1. Would you mind getting the accessible area per residue of the range 116-269, heavy atoms of the protein chains only, 1.4 Å probe, in Å²?
2. Would you mind checking the radius of gyration and Dmax of the range 385-471 based on alpha-carbon positions, in Å?
3. Filter the trypsin sites (Lys or Arg not before Pro) in the range 147-211 to those in DSSP coil with at most 10 other Cβ atoms within 10 Å of their Cβ, and list the result.
4. Please sort 453-463, 327-337 by packing, taking for each peptide the average over its residues of neighbouring beta carbons within 10 angstrom, highest first.
5. Once amide H atoms are built 1.01 Å from N in the peptide plane, which residues 5 or more positions from Ile198, or in another chain, come under 5 Å H to H?
6. Just by accessible area at a 1.4 angstrom probe, what is the order of Ile227, Ile170, Ile503, Ile247 from largest to smallest?
7. Could you give the size of the charge dipole of the range 152-257 about its Cα centre, using +1 on the Cβ of each K and R and -1 on the Cβ of each D and E, expressed in debye and rounded to the nearest 20?
8. Stick to the Cα atoms of the range 66-196, pair each with every other, and give me the Kirkwood hydrodynamic radius in Å at one decimal.
Amino acid sequence: MNFTCERPYAFWLLLLLIPALVISTVQYRRIVKKITFFSIKNDTNPGLKRVKRFPLLMAFRTIFRTIAWIMLVLAFSSLSWGTYLEPVTKTGSSVAFVFDISYSMMARDAQKNTTRLEAASKYASMLLSHMDEVSFSVVLAKGDGVCVVPVTEDKAICDTLFESLSPSLISTGGTSLGKGIKKAIESFPKNSSKLSTIWLFTDGEETDSLLEGAVSEAIKKGISVCIIGFGSENGAQVLAGDGKTRIQTSLKADRMREVCASALSKTHPEGKMPLRAGFVDSRESGSALKVLSYLKGEKNLSSPEEDSYLTYEVCPVRRDGLFSFLALLFFALSFVITEFDIEAFYFKKKKTALSSLMVFCAVTGLFTSCSTHFDGSVQILEGTWSWYKHKYSSATASFYRAMNQAKSCEDEGLLSYAVYNLGVTYLMQNEDGSSLLRLAEIDAIGENAPQELRFRSWYNRGILAYRRGDYDEAARNFREALKIDGKRVNAKINLELSLRKKIREAENRENMITPVSEKTGSNSMENSVFSRIRENDINRWKNNAVEQQVSGAEDY
């Protein structure tokens, strides 16, 4: 189990406990001296026993508040341990081609007695020809790894590069497949809405042991990895980079399979990992179909788009809510302890002891009952902060957690905020279908949803309809929004724009319709000529009539 801390500098706040404890100790000593002084002079006072217990209660109060401060610092430091799978909707596909161009790839033990690199080049070209509407990038895994082709959809550039693959393209020595995969991860745009996949073309020879860690990192980010092997397991000799030394090299198929299996087990030990990381031998029949299958993930049934897939990101389980709850609990106990009658509890004075215990249970139950709502609210705040930083994948994860917590405690208010924020986040990622489904869920909540969210739900649905050119639907949504709040100027303006667009679109359709003569041939030509003559005569008659009217008005 891995422990992570997002803000380790927060532990410096624990130093504030030193002056606080010094001040509490000084106050404690002063109170003890005064109590000792009064106890000598008023030994027969019946209330003196309770006064003598006050320093002990004060000590407990200080201890509880110290623990509360420690819990608050731990909550702010954002400690996390454990992992869970967060579903993320992706539309379309994006692939990173990673080529091992080390000298071991020049061994001639591939198909048709070609070098491994030549076989990898032809194999990649064949895969590229079957990829439509897919963006791709190219990374060379040598040295620290180099991204030679950023994300593009131009197949001609990649085909040209595939034909010129050679170890001489990069002068840096050494083969680091792990660094190549890390460079491929960086080649994908941040917060990309496409399903990302990495294809590694290699024989498995590497000079370091970074491959397993890099594959694990890719899986955590929701990126599938397919390692495609070239060469034979029997091995072949090849010249090293110095041009003199001959080394024996072979396909490390078993090693690649172990790396993929280990990366999956370490990333998600429960064994329910829906992401894929596997090895495919290029010599196997049907290997290309296996590789191409990585372009498609689990179908997202909640989205109307055909190329919408549901992938998963491995997220750490943050414990902010737990430590925040403990901080509030111990802070409340610091007040309860001052009212707790120790003597009555130990000597079974039932009424007083029971009342103190009831106060303790009430406070504990209060914080326990609202802990789920509190955690959900924290997730909403975290998601909103990520949204404003344009980290939409992280925002989606936070809003999903808030939605699940709201459903578990049947909190419709929290659920409405989580669902609305999910819809807006999908809207920013151009996932219009998923956004509409989430925004429509607010209608199911009904009047229990805040008025502002119901207005914004209809308003944003109007924006989506206007964006896809359905101006009639856009006008209807803006009307529904104005029924909720008729004072919004933007909704009125958008309603007017939608109606105008609708009218203009209808006029354009009418203008496209041209009249067709009922007759064809020479008769239609004659009719057109005579119609033109009659039209000129009528216009001439109208002009004469206007001139006569004007001259008559002047005579009068």
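1. Working: 6590 Å² over 154 residues.
Heavy-atom accessible area per residue stands at 43 Å².
2. Gyration radius and largest Cα-Cα distance of the range 385-471: 12.7, 40 Å.
3. Values: sites: Lys155, Lys179, Lys182, Lys183, Lys190, Lys194; in loops: Lys190, Lys194.
Loop-located and lightly packed - Lys190.
4. On the way: 453-463: 21.4, 327-337: 18.6.
My ranking of the peptides, most packed first, is 453-463, 327-337.
5. Ala96, Ser224, Val225, Cys226
6. Numbers: Ile227 0, Ile170 20, Ile503 100, Ile247 70 Å².
Putting Ile227, Ile170, Ile503, Ile247 in descending order of accessible area: Ile503, Ile247, Ile170, Ile227.
7. 300
8. On the way: mean 1/r = 0.0578 Å⁻¹.
Averaging 1/r across every pair of different Cα atoms and inverting gives 17.3 Å.
The values are calculated or read from the model by the stated rules, or taken from the named source; none is laboratory data. If you're wondering where the values come from, they're calculated on a predicted model, not measured in any experiment. Backbone-built Cβ (ideal geometry, glycine too); neighbour counts: all protein chains shown. Areas reflect the complete protein model, heavy atoms only, side chains present, ligands, DNA and RNA absent. Shrake-Rupley method; radii C 1.70, N 1.55, O 1.52, S 1.80 Å.
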